[in-house]
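The next block holds one structure in the form of structure tokens; read it before the comments.
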Amino acid sequence: MKVCFIIVLIVFFFIPVSSFSSPIIYINQVGFDANAAKIAVVRLDNKMDEKISFHIINAKNEIVFSGFLSASMKIDEWVADKFFYQANFSSLKNLGNYKLSLLINGEQIISDEFIIDENALAKLTIPSIIHYYNKQRANTPQELAVDKHLLLFGNTKTVDLRGGWCDASGDISKYFSHLAYANFMSPQQIPLVTWSLINAEESVPNLLTQLGVKDSMASEALWGADYIMRSLSDENYFYMTVFSYFNKDPNARRVVGLRANSVTTNEYQCAFREGGGMAIAALARISRWKKNGDFTSAEYLNAAERAFAHLLINNTKYDDDGKENIIDDYCALMAATELWMATDNILYKNEARKRADNFAKRMTPSGYFLANDSTRPFWHAADAGLPVIALARYLKKETDTNLREATLAVIKKALDYNLNITNDVVNPFGYARQSFLIHNKVKEGFFIPHENETGWWWQGEDARLGSLATAAIVGGKLLYKKPVNKSVRDSLMQFASQQLSWVLGCNPYSICFMYGFGKKNVPYMHSMYGHGSERGGISNGITGKDGNADGSGIDFKTEAKGNEWRWTEQWIPHAAWFLQAVVAMAEEDE
């Protein structure tokens, strides 16, 4: 058979193809899980009139798979007068190292190398993600010394907030959340990272043991939990932000609330949506380990219960507009669910059920959620998949048949929406699209609008892609356990795979946004106290065109007069969501 493959390859290389120029192969530069979708994208300058073959070749230049490129696709919003084609080799499941090969105008075009393996992405990336978080620890002598006696903004009181992780490769501040003043855009940061690490340790323990990182994963999770513990005030709210002011003097650090343009306030109390809910969830979940970090498991649970009781009374006081919205719902649902799991207390069961029911009320006929009680669609640059993940986690505990069916119906409608809006337009890369409100009109697009409630903030959305990939995988496994629905589940798995492939290099800039992987990364970014870009960290990524208020077009810059962070900066939520996605792929179905 090998002789036949080699002959076929030689013949293929000398078959003339009608004239095309400047072909580009966009492909996941790291690897594919053996059972996952595997799609590359080819760009040509001219439209092909005939079908063109592609081949997957192994390290010995033998053809192991052949197929035809898809019909041509154009996406003029991104690049005019170019034609895109998909090369789908999802049915190739043989393990090995491969490249994709094309013959264009007599010239062989070969992609970057990639791996196909069982749980390839989890095996290849999880150790580096743990390394990344370990290097992001705020544990240098300067940070530890100052953070032990941090001043509260506008106050002479000091608190001990040692630990945690620096937020980004260009920002050594520490956040439970930021953008709180914008109400609808708060991302989950340190508490999400902690919960994601706990989730990984619990979901794939055998794989982590095989990789030799199970203890390291647990250690990193406990590190996050211990920081959350120190962040709980005597009044039982969490302190939101330790801000550096981008000042080289560590004594400039303060505990603050943060508004636009680094304006700081004394509004540092976390609402559910401002990191409080995910912090409670992380503490309650890790308390079940019966392991101690700097605190005991009993202390983790006690702190979670005290914080939850406090927010049941005070949450809207901490919400900047005094009203709860969908972010409160999914963060409070996570908190209540983990406390219900940890205690079996009826209070938490009732609170979880109440929050889960809110999602059905927020669901629109189109399938997207409303963020408020009016017309604003829920869209999020980092946590777009968290509503589904919160509902799926709730279903790990809920046994009432009617409530389970109602929740599954909401999850299905949300996932159907993600598939429909993504596939409603020509979309060769399968990039997840979204609905958003701009100028009082609901619009659909690939990227978040640059004109939004923050007044200034927009960046690449690699965390959003990881969160939606996680939601598709977790939700698909919940909804479609029987072979009769295999095609829908396969569509969700393909959707998830394409989001992760985009992060790993199958994007119009051929950049692998996970540092230290693939053929091309963003430039190294330095930060204070020896922090900066690290292997396993993920950069913000690609955005809509700079200057387009609605986020239309496409852009990526490595230099932008100080604003290149929008594209190149590593940020801790990106790796947390990527971790959740690859863990969900590797986790066995129940």
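All of the numbers you see were taken from the coordinates with simple rules; none came from a lab. What you are looking at is a predicted structure, and each value in this text was computed from that prediction instead of being measured. Counting neighbours? That spans all protein chains shown, and the Cβs are built from the backbone with ideal geometry, glycine included.
List of remarks:
- More than 14 Å apart - percent of Cα-Cα pairs taken over region 80-139: 73
- Length released on extending from ASN247 to SER70, taking residue separation times 0.36 nm less the Cα-Cα span: 58.5 nm
- Ratio Rg/Rh, restricted to region 300-359 and using Cα atoms, in which Rh is the Kirkwood radius: 0.96
- Entries of LYS99/LYS396; LYS51/LYS99; LYS248/LYS290; LYS214/LYS396 with Cα pairs more than 29 Å apart: LYS99/LYS396; LYS248/LYS290
- Loop-located chymotrypsin sites (Phe, Trp or Tyr not before Pro) in region 231-294 (DSSP state not H, G, I, E or B) with no more than 13 neighbouring Cβ atoms inside 10 Å: TYR245, PHE246.
- Straight Cα distances below 19 angstrom link LYS545 to the aspartates and glutamates ASP76, GLU77, ASP81, GLU444, GLU451, GLU453, GLU461, ASP462, ASP555, GLU559, GLU564, GLU569, with same-chain residues fewer than 8 positions distant left out.
- Against the chain, whose longest principal axis is taken from its Cα atoms, helix 386-395 shows a tilt of about 70°.
- Helices in the chain, meaning DSSP H runs of at least 4 residues, each add -39500 (n - 2.57). Divided by all residues, the mean residue ellipticity at 222 nm is -12500 deg cm²/dmol.
- Here the gap between ALA560 and ASP294, fully extended at 0.36 nm per residue and compared with their Cα-Cα distance, gives a gain of 91.5 nm.
- Each listed q (0.20, 0.21, 0.27 Å⁻¹) maps to a log10 I(q)/I(0) for region 525-590 from the Debye sum over equal C-alpha point scatterers, namely -0.89, -0.93, -1.14.
- Here the Karplus relation 6.51 cos²θ - 1.76 cosθ + 1.60, evaluated at θ = phi - 60°, turns the backbone of region 437-451 into coupling constants of 9, 9, 6, 6, 10, 7, 10, 10, x, 6, 10, 5, x, 7, 9 Hz, with x for every Gly and Pro.
- Cα pair distances in region 223-278, grouped into 5 Å bins until the bin that holds the longest one, percent each: 4, 18, 26, 24, 18, 9, 1
- The charge dipole of the chain, taken about the Cα centre with unit charges on the Cβ atoms of Lys, Arg (+1) and Asp, Glu (-1), comes to about 600 debye, rounded to the nearest 20.
- Gyration tensor over alpha-carbon atoms, region 109-188, equivalent ellipsoid semi-axes in Å: 37, 18, 11
- Selection of trypsin sites (Lys or Arg not before Pro), region 261-305, meeting DSSP coil and at most 12 other Cβ within 10 Å: LYS290
- Centroid-to-centroid separation of region 464-536 and region 142-163 [C-alpha atoms, Å]: 36
- Of the trypsin sites (Lys or Arg not before Pro) found in region 363-432, the ones in coil according to DSSP and having at most 12 other Cβ atoms within 10 Å of their Cβ are LYS396.
- Helix axis angle, 190-203 relative to the chain longest principal axis, alpha carbon, degrees: 60
- For region 132-239, the normalised intensity computed at q = 0.14 Å⁻¹ comes to -0.63 (log10 of I(q)/I(0), Debye sum over alpha carbons, equal scatterers, no solvent).
- For region 407-472, the Rg and Dmax computed from alpha carbons only, in angstrom: 13.0, 37
- Pairwise Lys count, region 401-535 - Cα closer than 22 Å, eight or more residues apart or different chains: 10
- Ratio of Rg to Rh over region 322-478 (Cα coordinates, Kirkwood Rh, two decimals): 0.97
- Set against the 2.2 N^0.38 Å expectation for a compact globular protein, the chain has a Cα radius of gyration ratio of 0.96.
- Applying Stokes-Einstein at 20 °C and 1.002 mPa s to the Kirkwood radius of region 392-545, computed over alpha-carbon pairs, gives a translational diffusion coefficient of 122 µm² s⁻¹.
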